[in-house]
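First the structure, in the form of structure tokens, and then the observations on it.
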Amino acid sequence: MKMKRLGTYFVVAMLMVSFVFVGIGIQVYAATVGEQLLEPEDGWRRYDDENDLIQYSSGWTTESVSGNYQLSNHLAWGVSYQYYTFKFVGTKFRLITGLNNDHAKNIEITIDGGTPTTYSEYDSTLTRSVLGFEKTGLKYGVHTVKVQKMDTENRVMALDAIDIDETGELLDINTPTLVTNLTATAGNKEVKLSWDKVEGAEKYVVKRSTTKGGKYKEIGETKETSYTDSGLENGTTYYYVVCAIKSGVTSPDSKEASATPQKSSSGGGSGDRAILRITMVNGKINEYDLSMDDVNDFIDWYEDSIDDKDDPYYTIEKDYNIGPFESKKDYIVADKILQFEVMEYED
């Protein structure tokens, strides 16, 4: 009995220790504002304050510091409203700053021109490489951040580094915003793309891949917010992204959109059908009542067959006068065609 009870206590104790370690682990890997953060945490990427993509107003100095601090940090002294700005693509950012009793008490942060929020670098104790401000949960895209000292008394604002998404990147300040709401609509051997206008964009670059998230190849440019990619293979899924260009600077790729071209399944009203009359070189005339998708498919094949001899005949499957047969097909040979005409039904 004693051995059993002792074993029970041992198991319970081990479970309690496990819970303690799990709890400690959660605390260790989640820095909070005001804590020193010498290295970026998992899921974050760090950019030093001397990175050329960070734009500073006048009145900043660079201080070299030894020890655990970064190699340098930017400091804004005085009472003027010094600021810095940066752009990034991602969903979150952190400002790595410093704390001291001569640092600014009122610093405004504006994200994408929205309502400013504030933070303070004032503290009675000097601490460097501090997580001064954090913003998470932003919608994925290109974001512009402005950080400005608002104190009217002689105080210091510091910047040691900027942390952003590990999968994101700091961008040129002139980078246009991300192309949004990209949609892809499939047609017969084509995909029509459309997206929202990007303010100030001079043109858009369209890229395509046959692999989801794969390597995209540039297929065209346009000044419009739409693009039609034609000459595709029906039944193949195509994946697209679009980027904007402004003042020679290219935005990151948009979110991916995809579509699979295919023939229309609608046989429908008279307005989408036609009589295809083909006159052969031997004088025989063949007539077919087809959908306009099928007619256009035939025309595409005939035009391609002029240069491509690898596809010498076209198959037309009849869905009428089949009789006792399961199916009836006509095989039209390209070099046996004298002429053809299309007579489209009125709506």
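Values in this text are rule-based calculations from the coordinates and carry no lab data. What you are looking at is a predicted structure, and each value in this text was computed from that prediction instead of being measured. All Cβ positions, even for glycine, are placed from backbone atoms using ideal geometry, and neighbour counts span all protein chains on display.
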Among the listed pairs Lys146/Lys223; Lys87/Lys207; Lys87/Lys203; Lys189/Lys284; Lys212/Lys328; Lys223/Lys336, those beyond 32 Å (Cα-Cα): Lys212/Lys328; Lys223/Lys336
Cβ-placed point charges (K, R +1; D, E -1), dipole of region 143-232 about Cα centre in debye, nearest 20: 540 debye
For region 76-137, with +1 on Lys and Arg beta carbons and -1 on Asp and Glu, the positive-most of Ala76, Thr127, Gly114 along the dipole: Gly114
log10 of Debye I(q)/I(0), alpha-carbon scatterers only, for region 77-121 at 0.16, 0.20, 0.31 Å⁻¹: -0.53, -0.82, -1.45
Cα-Cα P(r), region 124-255, percent of pairs per 10 Å interval: 10, 32, 25, 16, 9, 5, 2, 0
